[in-house]
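Any read-out appearing in this document is the output of simple, stated calculations on the displayed coordinates, not a laboratory observation. Predicted model, so just to flag it, every value in this text is computed and none were measured. Here the Cβ is made from the backbone with ideal geometry for all residues, glycine too, and neighbour counts use every protein chain on show.
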């Protein structure tokens, strides 16, 4: 608590003067700051039917701080979502997200649509999870021990009709968790490894009373609990909590935050702050993109900070699918997609920003 707040609080206790703490907080708490913004990748075409269009539509970005200190971004790129030519591409930043290098192909299974990459780092290992139609949807994973310079071959996890989306996490115990869900915004859960990623076991099938629980995002708090935020179709964000490292989950409950049917991202910083990025709606709009923080493990949330928006509330645009990572200096790097869709025109760009949270 700042010296001014402390003096005012002591004065109110001594004199009986009632000074709402919320008013003091609003008066002297620094705001979340957007330090800078940049475009990671700009579309190369707007015609989804152009045979030469290989990277006009870009969606589903993920971001991670590599062991060598660089930032890595990965997303899927194609002329239109689900095209056979759809592949996963990557780009790197050596200056903490201020600028980004050229995009290159990371994975392209011939004749299959690769999508929804999910990155995370555990010690010196970098993991990539993604989904692919092969011929039905399944999840693959790869790993790198040299900060994404070389990768193992893709390994299928035998989870048919399931997809990944949000980043995995390394737990305080050293165990690894990766969120996944049943295709169709249903039943969120996790894949867990107790042996450093050699083997994986699925746990959980969390959904709201209507059976919706897609694209879960997870974070471990300072108390050791795992929080999961779920995408639904009812205009609300739902939450579930695991007290046993992801093996069982509480019944889903409303967070009190509105959310359109789109992916969100949850991060727990090194000091224990939960950070949530999401689309507040109203449905079906996938903009604006908001950011909130919680210092009491999700019991209450800060007022929203606007991360990105459109100047007019018209359809055909999406600012969506965010991911966050924490940088060495405590700032955050965020990444998301901006999509334009109209008759005969389809394209998507990948954007990023650096964010400073209040002390």
Whole-percent pair-distance distribution, where bins are 10 Å wide, for the alpha carbons of the chain: 5, 25, 35, 24, 8, 3, 1, 0
Inter-label distance, nm, simple model (7 Å from Cα along the C-beta direction), residue 244/residue 343: 5.6
Over the chain, relative contact order from alpha-carbon pairs under 8 Å, at least 6 apart, %: 16
Fluctuation leader among 241, 109, 88 - the chain, Gaussian network, Cα springs under 10 angstrom: 109
Gyration tensor (alpha-carbon) shape descriptor, segment 120-191, a/c threshold 1.5: oblate
Added length on full extension, which subtracts the Cα-Cα distance from 0.36 nm per residue, residue 68 to residue 303: 81.1 nm
Between segment 265-319 and segment 203-258, the Cα center-to-center distance that results, in Å: 16
Tensor-based shape of segment 246-285 (alpha-carbon gyration tensor, a/c under 1.5 rounded, otherwise prolate or oblate): oblate
Alpha carbon convex hull of segment 70-160, volume per residue in cubic angstrom: 97
Distance between segment 322-345 and segment 108-169 - C-alpha centres, whole angstrom: 19
Rounded if a/c under 1.5, otherwise prolate or oblate - segment 203-359, Cα gyration tensor axes: oblate
Folded to 0 to 90 degrees: helix 3-15 orientation relative to the chain principal axis, Cα: 40
Extension gain from residue 151 to residue 314, taking 0.36 nm per residue of separation minus the Cα-Cα distance: 54.5 nm
Pairwise label distance in nanometres, residue 36 with residue 171, each label 7 Å out on the Cα-Cβ vector: 3.9
Mean ellipticity per residue at 222 nm, deg cm²/dmol - from DSSP H runs of n ≥ 4 across the chain, formula -39500 (n - 2.57): -1500 deg cm²/dmol
Residue order, fewest to most surrounding Cβ atoms within 10 angstrom, among 320, 268: 268, 320
Calculated FRET efficiency for the pair residue 327/residue 254, C-beta based, R₀ 22 Å, to 0.05: 0.10
